[in-house]
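Everything on this sheet refers to the single structure shown next.
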Amino acid sequence: MLRRILIVVLAIVVLAGGGFLAWAWHDELPAEPRRDASAYDPAVVAKGASLAAIGSCAVCHLAKNSPSFAGGYPVETPFGVIYGSNITPDRDTGIGTWSPAAFRRAMHDGVDREGHHLYPAFPYDHFTGATDTDLDAVYAYLMTREPVRHDVPAPQLTFPLNIRLAAAAWKLLFLRHGEFVPDKSQSPEWQRGAYLAETFGHCSACHSPRNALGAEKRDEKYAGGIAEGWIGPALNAASPAPAPWTAESAFNYLRRGFDRAHGHVAGPMQEVVEHLRQANEGDVRAMATYIASLNGVAAPDAAAKAEQAVKNATSRQWPIPGRETTGSGGSSTTGLDGAAIFAGACATCHHDGGRLPISRPVALGLSSAVNGADPRNLLQIVLGGIHPAPNERGAIMPAFSGTLTDPQIVALADYVREHFSGKPKWNDTGTALEAIRRGKNS
Amino acid sequence: MTIVLTINSERHQIDADPSTPLLYVLRDNLKLNAAKFGCGLGQCGACTVLVDREPVFSCLTPISVLDGRRVRTLEGLGIADKPSPLQAAFIKEQAAQCGYCIPGMIMRAQALLEKNASPTQAEIRDHMQTNLCRCGTQMRILRAIDRAAKDMKTADAGTTTGAAR
């Protein structure tokens, strides 16, 4: 009897395993002959360029000090490091031999031309919803780039994830195929924005929490996530921004990296904005319309609430002249009086009416980094500052990682939280700082 | 209130508000005039000095945070008769025009060379990005740092008057 049960179990395992392997098997697609750049319609290439900018493809597919898309950027995941691949049309080390069908399969199903499963650090769980026409445009754009010969290191993942079939198992659990269908009851602009944000934009990849296997939690979409040691703030009703996002403020932020009710872009989002600057303006507006709708605040209310938030934050501004060196714990003889540190290190720029020719910081009370439940983003900004991309103009905040000791940074962050947000104190600022110093990114 | 500062290995008792920027104390109280006031906002780097091993903008460094830490200024590197290797390289490359940014440039570069004896051109540029020169001697400054790195290979890290005790 026991033997019979064992045989049945074994048979099920073999059948299921065989079925999985058959399902996971993908043929190699034929190599595409070389085509001249002139074979592609310039209008299609331009459309592809805009979609690639919305997708921020270059963030991961860019090697340091090498042309766009040659790959090599290390994407650090909780499971190991994966390097952005070379997606230039080089025939040996890039995707020069890929046909449009192979490119679509990679974007829709996460399978490369040779039939290997790709790891979901490549967000095909979003790209799967993109239309064939749009993917063909991105394909045309990539195929008309300069081919760059550049070998990218193999992923460094722990067993069993280093077996590519693990990616197939992941897809079985979490990948939902099919073209993205927006809510048809919404405006055409909203629908366009939803499509772009959910597919190419893959906004929720950083702005949603992930489960133990690294998949976005569907029921907590836009509830806030983590990317490269930074918090991707919630964009739904849990948004920490005191001013609710409006279509206008979201557009300012996404397109220009600044809005008067939210402040300057920082962290990994800076690169996203650098790319969105190059995208089709109407498409960025559409995305802003969609993103602003996620908090569930009706548009007229959001605008009024945002104005109120600006007023509230302004009333908490650091007054000039005269320094407030009271109101915080600690003692200035140990250098741990957050207010005294703020007065000497921060208030020159972050004061009421502060005007800088280059960058005018908004009231700190408007910052999601100050208002969020997690101190990480504020700590990251204090440590590293804010700097424009090399050779670009933009806001500058100096880095304070060498100026202040860790206990001083904690005292300062706790003071800023208490003085400017009016929210409950952070209890774990020291732990969060330690984690950032250790380079722990999740 | 009184705060004790250690600057170029000398201890100083300073009577000032704890939020006073280090730059003001250096220039007004101690007459160490190498570090300059440029923008006062941490955007130009003319006030750069070293705290422990890190380059900092002294205009945005309140003295309250310096208890038990070691401040080094250009005056601690060398003197006219006996310049440090980095200062000597700046002289050899004639890297100063008006000279206002130079003490900050040298202190920031000093921090780099103490950590990385053979920086690449890209590393030097990356490291020096926060310091501005408005005369246009950037190329000479970069050359001077590169030259100092090479000169220092045959000497020590280039600290003279008690800077690295």
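In the stretch A:231-289, how many are aliphatic (A, V, I, L, M) and assigned to a loop (DSSP other than H, G, I, E, B)? Spell out how you get there, then give the answer.
Residues of the stretch A:231-289 aliphatic (A, V, I, L, M): A:231, A:234-235, A:237-238, A:241, A:243, A:247, A:250, A:254, A:261, A:265-266, A:269, A:272-273, A:276, A:279, A:284, A:286-288.
From what's left, assigned to a loop (DSSP other than H, G, I, E, B): A:234-235, A:237-238, A:241, A:243, A:261, A:265-266, A:279.
Of the residues in the stretch A:231-289, 10 are aliphatic (A, V, I, L, M) and assigned to a loop (DSSP other than H, G, I, E, B).
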**Request:** Could you list, in sequence order, all residues of the stretch A:138-171 that are farther than 28 Å from A:Ala53 by Cβ and either β-branched (Val, Ile, Thr) or not assigned by TED's automatic domain parsing to the domain that holds A:Pro120 (or both)?
**Result:** A:Thr158, A:Ile163
**Request:** Could you please tell me which pairs satisfy a Cβ distance under 6 Å, a separation of 6+ or placement on different chains, a first residue in the stretch B:116-136 that is away from chain A (no Cβ under 14 Å), and a second residue that is at pLDDT 95 or above and loosely packed, with under 12 Cβ neighbours inside 10 Å?
**Result:** B:Cys135/B:Cys98
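For residues that are part of a loop (DSSP other than H, G, I, E, B) and more than 17 Å from A:Met107 (Cα to Cα), tally how many sit in the stretch A:158-180.
From the stretch A:158-180, those part of a loop (DSSP other than H, G, I, E, B) are A:158-164, A:175-180; that's our starting set.
Subsequent filtering for residues that are more than 17 Å from A:Met107 (Cα to Cα) retains A:158-163.
Result for the stretch A:158-180: 6.
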**Asked** Has the stretch A:387-409 got any residue that is of a type in the set (A, V, I, L, M, F, W, C), outside any loop (DSSP other than H, G, I, E, B), in contact with a strand residue (DSSP E or B) (Cβ under 9 Å, 6 or more places away or on another chain) and closer than 25 Å to B:Gly40 by Cα?
**Response** yes
**Request:** Go through the stretch A:189-215 residue by residue and tally those that are more than 10 Å from the chain's Cα centre (by Cα), among the polar types (S, T, N, Q) and within 21 Å of A:Glu274 (Cα to Cα).
**Result:** 1
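Return the only residue of B:Gln87, B:Gln121 being over 22 Å from B:Ile7 (Cβ atoms) and either surrounded by fewer than 21 Cβ atoms within 10 Å (Cβ to Cβ) or at pLDDT 95 or above (or both). Explain how you work it out, then say what you get.
Details: B:Gln87 fails: over 22 Å from B:Ile7 (Cβ atoms).
Just a single option satisfies the conditions, and that option is B:Gln121.
Looking at the stretch A:2-28 only, could you name the residues that are aliphatic (A, V, I, L, M) and touching a strand residue (DSSP E or B) at 6+ places or on another chain (Cβ under 9 Å)? So that I can check it myself, show each step before the final result.
Filtering the stretch A:2-28 for residues aliphatic (A, V, I, L, M) gives A:2, A:5-16, A:21-22, A:24.
Once the filter is applied, which keeps residues that are aliphatic (A, V, I, L, M) and touching a strand residue (DSSP E or B) at 6+ places or on another chain (Cβ under 9 Å), the stretch A:2-28 yields only A:Ala24.
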**Message:** Give me the residue from the stretch B:22-42 that is of a type outside the set (Gly, Ala, Ser), surrounded by fewer than 24 Cβ atoms within 10 Å (Cβ to Cβ) and in contact (Cβ under 8 Å) with a residue 40 or more places away in the chain and, out of that set, farthest from the other protein chains (Cβ to nearest Cβ).
**Reply:** B:Leu32
**Prompt:** Is it the case that B:Asp67 is of a type in the set (Asp, Glu), surrounded by fewer than 22 Cβ atoms within 10 Å (Cβ to Cβ) and within 14 Å of chain A (Cβ to nearest Cβ)?
**Reply:** yes
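Any chance the stretch A:130-151 includes a residue that's farther than 24 Å from A:Arg35 by Cα and crowded, with 21+ Cβ neighbours inside 10 Å?
Pass one, the stretch A:130-151, residues farther than 24 Å from A:Arg35 by Cα: A:130.
Next cut, crowded, with 21+ Cβ neighbours inside 10 Å only: A:130.
Scanning the stretch A:130-151, I find at least one residue that is farther than 24 Å from A:Arg35 by Cα and crowded, with 21+ Cβ neighbours inside 10 Å, so the answer is yes.
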**Message:** Suppose we keep only residues that are assigned by TED's automatic domain parsing to the domain that holds A:Pro100 and part of a loop (DSSP other than H, G, I, E, B) within the stretch A:1-27. Which one would you say is surrounded by the fewest Cβ atoms within 10 Å (Cβ to Cβ)?
**Reply:** A:Asp27
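When you scan the stretch B:44-146 for helices (runs of 4 or more DSSP H) that lie fully inside it, which ones turn up with 1 or more residues that are under 26 Å from A:Ile409 (Cα atoms) and in contact with a Gly (Cβ under 6 Å, 6 or more places away or on another chain)? Working first, answer last.
On the way: elements: B:85-92, B:102-115, B:121-128.
Output list reads B:102-115.
Okay, residues lined up against (1) of a type in the set (Phe, Trp, Tyr); (2) crowded, with 18+ Cβ neighbours inside 10 Å:
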| site | (1), (2) |
| --- | --- |
| A:Val75 | no, no |
| A:Thr93 | no, no |
| A:Ala106 | no, yes |
| A:Pro123 | no, yes |
| A:Phe127 | yes, yes |
**Request:** Identify, by number, the condition in (1) on the phi < 0 side of the Ramachandran plot; (2) assigned by TED's automatic domain parsing to the domain that holds B:Gln110 that B:Gln94 doesn't meet.
**Result:** (1)
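Can you find a residue that is farther than 26 Å from A:Asp109 by Cβ and not in a helix (DSSP H, G or I) anywhere in the stretch A:28-38?
Filtering the stretch A:28-38 down to residues farther than 26 Å from A:Asp109 by Cβ leaves A:36-38.
Adding the requirement that they be not in a helix (DSSP H, G or I) leaves A:36.
Yes: one or more hits.
Kindly evaluate A:Phe180 against the criterion of being within 27 Å of A:Gly296 (Cβ to Cβ), at pLDDT 95 or above, crowded, with 20+ Cβ neighbours inside 10 Å and not assigned by TED's automatic domain parsing to the domain that holds A:Cys57. Show your work before the answer.
Working: within 27 Å of A:Gly296 (Cβ to Cβ): yes; at pLDDT 95 or above: yes; crowded, with 20+ Cβ neighbours inside 10 Å: no; not assigned by TED's automatic domain parsing to the domain that holds A:Cys57: yes.
No.
Given the condition of a type in the set (A, V, I, L, M, F, W, C), in contact with a Leu (Cβ under 6 Å, 6 or more places away or on another chain) and more than 14 Å from chain A (Cβ to nearest Cβ), answer yes or no: does some residue in the stretch B:87-106 qualify?
Let us first name the residues in the stretch B:87-106 that are of a type in the set (A, V, I, L, M, F, W, C), namely B:88-91, B:95-96, B:98, B:101-102, B:105-106.
Those left that are additionally in contact with a Leu (Cβ under 6 Å, 6 or more places away or on another chain): B:106.
Filter again for more than 14 Å from chain A (Cβ to nearest Cβ), leaving B:106.
Yes, there is a match, as at least one residue in the stretch B:87-106 is of a type in the set (A, V, I, L, M, F, W, C), in contact with a Leu (Cβ under 6 Å, 6 or more places away or on another chain) and more than 14 Å from chain A (Cβ to nearest Cβ).
The values are calculated or read from the model by the stated rules, or taken from the named source; none is laboratory data. Computed from a prediction, not measured in an experiment: that's the story for all the values here. Cβ coordinates were reconstructed from backbone atoms using ideal geometry, including for glycine residues, and neighbour counts include every protein chain displayed.
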